[in-house]
Protein chains: 2
Amino acid sequence: MKICRLIILLLIIAVPAKAQDSLIFRRISDEIMLRSNCYENLRTLCKTIKNRISGSVQAEKAVIWGQKAMAQTGADRVWLQPVDVPHWVRGYENLKLRYGNGKFKTVKMLSLGNSVGTDGQVWEAEIVMVHSFDELKQLPDEQIKGKIVFFNYRFRQDFVNTFQGYGDAVKYRSNGPSIAARRGARAVIIRSISTGVDDVPHTGALHYIDTIKAIPAVAVGNYTADTLENALSKMKAYAQLETHCKMMENVRSYNVIGEIKGTEHPERIIVIGGHLDSWDVGEGANDDGSGCVQSMEVLRTFTALGIKPKCTIRAVLFMNEENGLKGGIAYADSAKKANEHHILAIETDAGGFTPRGIGLEMSDERKEQIRYFRKLFFPYGVYDFEHEEGGSDISPLKKQGVPMAGLLPDSQRYFEIHHTNNDVFENVNHRELKLGAVALTQLVYLVSYYGLK
Amino acid sequence: MKICRLIILLLIIAVPAKAQDSLIFRRISDEIMLRSNCYENLRTLCKTIKNRISGSVQAEKAVIWGQKAMAQTGADRVWLQPVDVPHWVRGYENLKLRYGNGKFKTVKMLSLGNSVGTDGQVWEAEIVMVHSFDELKQLPDEQIKGKIVFFNYRFRQDFVNTFQGYGDAVKYRSNGPSIAARRGARAVIIRSISTGVDDVPHTGALHYIDTIKAIPAVAVGNYTADTLENALSKMKAYAQLETHCKMMENVRSYNVIGEIKGTEHPERIIVIGGHLDSWDVGEGANDDGSGCVQSMEVLRTFTALGIKPKCTIRAVLFMNEENGLKGGIAYADSAKKANEHHILAIETDAGGFTPRGIGLEMSDERKEQIRYFRKLFFPYGVYDFEHEEGGSDISPLKKQGVPMAGLLPDSQRYFEIHHTNNDVFENVNHRELKLGAVALTQLVYLVSYYGLK
């Protein structure tokens, strides 16, 4: 049985991929590497609009910019899809730490996204450090009550794929605040979910449990976390925390959608997208300005090369991936209502780094249909089709049974700048960004030509 | 026949790699990703010694630093191998351009390495632009004589592997000056061999032809080259050039060598190295501080894990790769004199970026011996064993028939910073650097254990 499968696999590998596809792959690559405007698009987004958290004025500007940029791809049709999004505002924030009998000193910090504030006051409390939820469980209530819990969990640098490390550590950011609050903690400090050898704090969404009192939560960079850890091994430590962040009323916002109608099967839709919102720090360059400009580049490349896709291709700049997923949900709801037939949803939201693979979250039969073409991708550095990966924005479509794919760029640098002030345009390389757009366009071309049964 | 080969290939793939090797690969990776000091070593080299062109005081300091750092790897023996190296000095340099009737304005520039200067004077001349050697050939002598030839050849951004683009364009830097001088040109300006969307000039070695008068040659960044190109399409342009660079007397310098003696076959040597010298700009972080600290990390990891290699392993920090290769030649000469038996020479000199493959420059039989283990490398992101690549420093060994291998990191960012003021520590990511050391140590482990027949 195993030998049978291997022989079949061998036969598939041995059949040469159509020479025509190989030529089109080359044309796509040349067009993007030589004439793409996606890098300049990203510059405009990052440098003129800057960061753009859902509900902000900048997010509004980003929608207007996105609509215009989308129209310039040569899409047949461009429209805005209304989405009501949460509007979280950071405001002034400050964290001071004191070790033993020392003085309080301000450290770099960022409130976690969606966090509540300290009611306009400075809260002072002792810090209690734990390295895990298990360790917190072991502590008696009196050691937690009224204190600030420091979740000192290190990013696992031994994982080669940093997304594995992120998946492993992010629970302390997402769930830590409510888990500590349940035990009576007053606030939470976490060691940032970061691969960085630096003191850069990383924000990102926390998720309060409804039945537990919401408490403020902030992140500190690795160096501050190291210093705090070291101090707490020898003496007591205290924090003065003042944060003014809060959730405002929902705001009407939009997904930006562009479409090239299919010539043979206009009812079959391939959607590709990234998210237009970002956190309220840095410029949202890798997360996910890159994905936005790459998605639009797919449409532009079809137009520029005069390739008329058999199926309909849609690029979507989703709103509110970071703290609500309202854009992804609205898109999927609309697709369901209109009884649309999506044959594939693709997301690019892992940074504008050199592509290495394409994640596939679909039936094994469909995976094999895509893997059949893997050799065509090799000359473009894309070799890995083994991971089960799609993306957040398209996950609501998955619930409707839509097959998902996700661009898998090199992951080494992502979690050094993710959700930080360093996620800026300068940290995107133009060739890496474009190569991602090349791989995406090649994938869309194949599926639009051969379908996905 | 083809089917036969495929079946053999299939059998090789189907045989599971030894579980023990897989475990040792994991231990190597964990050791380096969690406990390596190579990133901190690189910081010290870049930030305290900075750039270190052959013959300079900094190069001398780098040798002393290298000897100390090498000793800390736990090597059985560390020694310096004398090398006499050229000593080229840049000095003051300035280039002003004037378009049509405009004013002379200073632009960013760098003299090419090994270039002569303008005899302490400001040379003013008209600029004549050509896009290729062929175009130069077409020009009548009177259009070249006494003028400054501008080689306006663009880096081919359509090549996915940037080393292909470098190989394609570098002839204008290496040979352009003498080729233009033969036609009577007074000096040369080249468009930098650069993938950058910027105005950063890139230096690098030129090679004068002995029988032709040596003329000064400088590089300008892509933006300046664009402006100059644009101006020359409409009007005349002129340059004022003053460069004081010159070649000094040779200087005594050293290769730094560390060795762990093999337990079973001490006479069989595996050598791994990078080069300690750099250009006299930036910090030589990717070129090739990274290769130096990675090579030492291989020894440190064997020591830390208590793995006693069967063959002897040597790490070499070669001197003078950039403008003479004297270190590589001295090492090979010494090996020949001592009748040493090198079973493999490995170079890491393509930047501290995420590894993607290992280049193999050896007989097909030997290539297959290494490729047999390729699946072991996959979880570490190393999948490409198809390229014929070794390295400059080890190329003199190749002439003695020694098989060569070279680390192949992701190439997208290298030629944006290569030979520039931007080749600094901050442009090396600690995880990418370490993963390169992981792949190298894994390769050395395999060859030290199984040999290479």
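Sorted from shortest to longest, the distances between the residue B:386 label points of this copy and the other copies are 1.8 nm, with each point 7 Å from Cα along the line through the beta carbon.
Can you pull the Kirkwood radius for the protein assembly as shown, inverse mean 1/r over Cα pairs, to one decimal in Å? Working shown, then result.
Details: mean 1/r = 0.0336 Å⁻¹.
Kirkwood hydrodynamic radius for the protein assembly as shown: 29.7 Å.
Put a dot 7 Å past the Cα of residue B:213, heading toward its Cβ, do the same for residue A:388, and the two dots end up 7.3 nm apart. Taking all Cα pairs closer than 8 Å and separated by 6 or more residues, the relative contact order of chain B comes to 22 percent.
With a ≥ b ≥ c the root eigenvalues of the C-alpha gyration tensor of the range A:363-416, is it rounded (a/c under 1.5), prolate (a/b larger than b/c) or oblate? Here the range A:363-416 falls in the oblate category. Within the range B:22-66, all pairs of alpha-carbon atoms sorted by distance into 5 Å bins from zero give the percentages 6, 21, 20, 14, 10, 11, 10, 7, 2.
Percent relative contact order of the range A:90-247, based on C-alpha pairs within less than 8 angstrom and at least six residues apart?
Details: 370 pairs, mean separation 65.1, N = 158.
With pairs under 8 Å counted, the relative contact order is 41 percent.
With all projection directions averaged, the alpha carbon convex hull of the range A:200-288 covers 10.9 nm².
For the pairs A:171/A:246; A:337/A:453; B:68/B:367, note any where the Cα-Cα span goes beyond 26 Å.
Working: A:171/A:246 22 Å; A:337/A:453 23 Å; B:68/B:367 35 Å.
Where the Cα-Cα span goes over 26 Å, the pairs concerned are B:68/B:367.
Over all Cα atoms in the range A:232-377, the spread is summed up by Rg and Dmax: 19.9, 72 Å. Along the charge dipole of chain A, pointing to its positive end and built from +1/-1 on Cβ of Lys, Arg, Asp and Glu, which listed residue (A:169, A:330, A:70) has its Cα farthest out? It is A:70, whose Cα lies furthest towards the positive end. Of the trypsin sites (Lys or Arg not before Pro) found in the range A:41-140, those in coil by DSSP whose Cβ has at most 12 other Cβ atoms within 10 Å are A:103.
Counting every other Cβ atom within 10 Å of each residue's Cβ, B:233, B:290 order from fewest to most as B:233, B:290.
Please figure out what share of the DSSP beta bridges in the protein assembly as shown is antiparallel and state it in percent, rounded to the nearest 5. Walk me through the intermediate numbers first.
Numbers: 78 of 140 bridges.
For the protein assembly as shown, the DSSP antiparallel bridge percentage is about 55.
Calculated mean residue ellipticity at 222 nm for the protein assembly as shown: -10000 deg cm²/dmol, from DSSP H runs with n ≥ 4 weighted as -39500 (n - 2.57), summed, divided by the residue count and rounded to 500.
Rounded, prolate or oblate: which one fits the range A:11-124, using the alpha carbon gyration tensor with axes a ≥ b ≥ c (rounded when a/c is under 1.5, else prolate when a/b beats b/c, else oblate)?
Values: a/c = 3.17, a/b = 2.04, b/c = 1.55.
Cα axes put the range A:11-124 in the prolate bin.
Considering all C-alpha pairs of the range B:263-343, those separated by over 15 Å amount to 63%. Here the range A:287-327 has an Rg and Dmax of 12.7, 38 Å, counting Cα atoms alone.
Ranked by the mean number of other Cβ atoms within 10 Å of their residues, highest first, the peptides A:425-435, A:378-388, A:443-453 fall in the order A:425-435, A:443-453, A:378-388. The simple Förster model, with R0 at 30 Å and r as the Cβ-Cβ distance, assigns residue A:453 and residue A:164 a FRET efficiency of 0.40. Measuring r between the beta carbons of residue A:138 and residue B:372 and using R0 = 45 Å, the FRET efficiency lands at 0.40.
Annotation for residue A:105 and residue A:76: the two label points, set 7 Å from Cα along the Cα-Cβ direction, are 6.3 nm apart. So, R0 is 60 Å and r is the distance between the beta-carbons of residue B:234 and residue A:198; what FRET efficiency does that work out to, to 0.05? Computed FRET efficiency for residue B:234 and residue A:198: 0.80. If you take the alpha carbon atoms of the range A:65-117 and fit the smallest convex hull around them, that volume is 129 Å³ per residue.
Which percent of the Cα-Cα distances in the range B:318-413 go past 18 Å?
Working: 2231 of 4560 pairs.
Summing the P(r) of the range B:318-413 above 18 Å gives 49 percent of all pairs.
Inter-chain neighbour count for B:428-440: the average number of beta-carbon atoms from partner chains within 10 Å of each residue's beta-carbon is 3.
Comparing the range B:88-247 with the 2.2 N^0.38 Å rule of thumb, its C-alpha radius of gyration ratio is 0.95 (two decimals).
The convex hull built on the alpha-carbon positions of chain B has an orientation-averaged projected area of 23.1 nm². Taken as Cα centroids, the range A:276-324 and the range B:352-394 sit 35 Å apart, rounded to the nearest whole angstrom.
In the range B:32-97, which chymotrypsin sites (Phe, Trp or Tyr not before Pro) are in a loop and have at most 15 other Cβ atoms within 10 Å, using DSSP for the loop call? Write out the running numbers ahead of the final one.
On the way: sites: B:39, B:65, B:79, B:88, B:92; in loops: B:92.
In loop regions of the range B:32-97 (DSSP not H, G, I, E or B), the sparsely surrounded chymotrypsin sites (Phe, Trp or Tyr not before Pro) are B:92.
Each DSSP beta bridge with both residues in the range A:90-247 is either parallel or antiparallel, and the antiparallel ones are about 55%. Taking a ≥ b ≥ c as the square roots of the eigenvalues of the Cα gyration tensor of the range B:248-301, is the shape rounded (a/c under 1.5), prolate (a/b larger than b/c) or oblate? Note, shape of the range B:248-301 comes out oblate.
Read-outs: derived from the displayed coordinates by stated rules, not from any lab. The structure displayed is predicted, hence computed values, not measured ones. Heads up, the Cβs are rebuilt from the backbone with ideal geometry, glycines too, and the neighbour counts pull from every protein chain shown.
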